[in-house]
Each structure stands twice: as C-alpha cells, then as structure tokens.
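Here's the structure, in structure tokens; my notes come after.
Quick note: the coordinates plus some simple rules give every number you see, no bench work behind them. Predicted model, so just to flag it, every value in this text is computed and none were measured. Ideal geometry is used to build each Cβ from the backbone, glycine not excepted, and the neighbour counts take in all protein chains shown.
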Amino acid sequence: MRGALVSLLLGACVATTQVIAVAEPQARELAIDGAPQSARPGQAIHLRTVGGTGPVRVFYFQQASDNESGATLDTSTGLYTAGARVGATDWVSVRDMGGHVAFWIVKIVTPLHIVTLPGVVAPRGRLRLETDAAEPSFVSWAIVENRSAASITNGAYVAGANGDVEDVVEASFRSERAKVRIKIGPPLRLDDAISSIAPGATRRMQARGGSNSGWRWSIVRNASGGAIHAETGLYTAGGKRGVWDMIEVRDSLGNSAAGIVNVGTAGRASK
C-alpha cells in the first residue's frame, strides 16, 4: 500500500517537458531595388539591394557579353557607370552570402538634350523649351542663371525686362541634366537724334530694341502743350519755350522707354 502511494506521488512530481519549435523568419527574396531601366553614356548609378541573406553583396557581369556598353562596375559597392555605346543593353548580377542571385537590366540611351534652339528672345518674350526625354511630363525646369528676371513653368519660358543679357535654363530628368543659354535682345530705347526742337515744330520719334513692333507713343510730361500721334510717333512741340516734354513708347510685349525733348532750348535727350 505504501509502495503504491509513493509511486503515485512520484508520478505527479515528474515534469513533462513540451518542446516548441520556433520557425525562423523566411529571408526576403534578393532584388536590386529602385534602379532605372535606362541610362545615358557615362551616367553613374549606385545599385541598392533589398532582401537576401547576410550583409555582403558581390556585383558582377556573368560574362563579357553582359557588358555591351563598356560599363564599369564596382563589385563591392555596386557603383555602375554606363559605357559609351548607345543602344547597348547591360546585365548586372548580384550574389548574397546565401548564394541567392538577382539581376538588373539597363539600356543605354542618348544623352538628355534640350532640342529647342532659342536664338535671341526679346525682353519679356516667350519661348517653349522641350527635351528629348522619353517622359516629357517628368522633366523639371529651372533658371540657374537669371539675369533678365525671367520665369519658367513646365518648359514655358518668359524672358524678363532686362535686355542685353543671357539666362541659363536647366532641364532635369531623373538623374540627368541639360542646359541651354538664352540670349535676351536689347531693351527698348528711344533714339536720341531729337534732343531739342523749336516751339511748334514737328518730328517723328523713333525707337529700337524690345520687340521692335507694336509701338504706342504718349507724352507723360507735357510742359510745352505739345501732342504726339499714338501709332506713328509724330510729335508736335507746343508753343511754350524753355521747357521739356517727356515722351514714352511701349512695345507689343509691354516694354517701355522714355526720353526728354527740350522745347526751344539746347540739350540732349535721355534714353
């Protein structure tokens, strides 16, 4: 009886050990992430991997034919620099510490160009700029040297009022950039051939620069009592002697210039 009781107590005290198997998380598949599908000659791209096993990666071309463009590749950092052969396709491989392999395919395309030939733009003139990018809506524009006080929106360039200067516009597409210089023509000026005039005399005013069209004339200071034809610029001095009138002209783009005409006195017109 006592032996049976002891056996019962011993059985109750025996610990039952349950083994729970914890599965290790499955490694994410190795991949080259975020790299573009095209590159320009000489363009540098730092290849970045996701997933895979271990911290070490080895980048390489599996065979010579995988490097059609003549690219260079840093086997440890993944820094790829496209070769010069336009139209070529390169195949880059990467291997992790677990022996997993991923691939990246890139096509070499022509360098980014701004295809618009701007020539000379009048102050406040407009110009539509375009590139040869495959996706024009993703091109960004900026004026990196803005001497005319210009503006640009989605390739629509508007020159500023400052003439006889150059602006530099830059287009960006992904990691590529292209620049173009835009020359701004001379500002609107009055010819200073007429510096003084006798009371009651008539002269035709002349202007140059700006848009060279659409001139509208006015007298903004009329001390002599003179008059001017708004379209032709034919000016008639008033009868008051020893004073000066100020003549203003505006062109079709809104540029303006003014000059002084001395009535019955010697002097020099300002520009």
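Compute the long axis of helix 2-13 from its Cα atoms, compare it with the longest principal axis of the Cα atoms of the chain, and write down the angle in degrees, 0 to 90, nearest 10.
Helix 2-13 and the main axis of the chain meet at about 20 degrees.
Can you give me the Rg/Rh ratio for the chain, using Cα atoms for both radii and the Kirkwood formula for Rh? Please list the in-between numbers first.
Details: Rg = 38.7 Å, Rh = 25.6 Å.
The Rg/Rh ratio comes out at 1.51.
Which residues make up the longest stretch of the chain that has no GluC sites (Glu not before Pro) in a DSSP loop with at most 11 other Cβ atoms within 10 Å? List each step's numbers first, then the result.
Details: sites that count: 29, 231.
No qualifying site falls inside 30-230, the longest such stretch.
Taking the alpha-carbon centroid of each part, what is the distance from region 40-78 to region 108-171 in angstrom?
35 Å
Pick out which of 240, 183, 107 has the largest mean-square fluctuation in a Gaussian network model of the chain, springs linking Cα atoms closer than 10 Å.
Fluctuation is largest for 240.
Based on the Cα atoms of region 23-97, what semi-axes does the equivalent ellipsoid have, where each is the square root of 5 times one gyration tensor eigenvalue, given in whole Å with the largest first? If you can, show how the numbers build up before the last one.
Details: eigenvalues 136, 27, 21 Å².
Sorted largest first and rounded, they come to 26, 12, 10 Å.
Counting only helical runs of four or more DSSP H residues, what would the 222 nm mean residue ellipticity of the chain come to if each run contributes -39,500 (n - 2.57) and the total is spread over all its residues? If you can, show how the numbers build up before the last one.
Numbers: 1 runs with 12 residues, N = 271.
So the calculated ellipticity at 222 nm is -1500 deg cm²/dmol.
Starting at 0 and stepping by 5 Å, how many percent of the alpha carbon pairs of region 104-167 end up in each bin?
Reading the bins upward from 0: 4, 16, 24, 22, 13, 9, 6, 3, 2, 1.
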